[in-house]
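Written out below as structure tokens is the structure these notes cover.
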């Protein structure tokens, strides 16, 4: 009889463990936007030094540095030039000659202007530019 009693005692414990495990799987963890930051602290170059889309992208870096510092740059400058984030591309003339840097910054500024938060902007940029990178890799 004691073995039957033991089974009844463990059943609620096992049920609780199962419920906790399932509930932790169903939640999507939203990162704190500050934890997404790359840590770039240097000043970006003045947009007045540039024209066209480059000037608009450097302006975005001036206006929303916290957003650009939260984005990965898909030209892979982090790997090749030790950049901390997309924002690093704007502390010198790197972005001037890089369509990817410019497009990412302009997309981020547009989404930010529509009220999107950093997490949403990062997700949208990651979705778009990771696909573009994959397409380019398959072409080569």
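The values are calculated or read from the model by the stated rules, or taken from the named source; none is laboratory data. Small disclaimer: the values here were computed from a predicted structure and weren't measured. No Cβ is skipped: glycine too gets one built from the backbone with ideal geometry, and neighbour counts run over all protein chains shown.
Summary of values
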| item | result |
| --- | --- |
| Test: residue in region 39-46 that is within 26 Å of residue 131 (Cα to Cα), outside any helix (DSSP H, G or I), at pLDDT below 95 and out of contact with any strand residue (DSSP E or B) (no Cβ under 7 Å at 6 or more places or on another chain) | yes |
| Answer from 121, 100 - the residue that is under 19 Å from residue 69 (Cβ atoms) and at pLDDT below 95 | 100 |
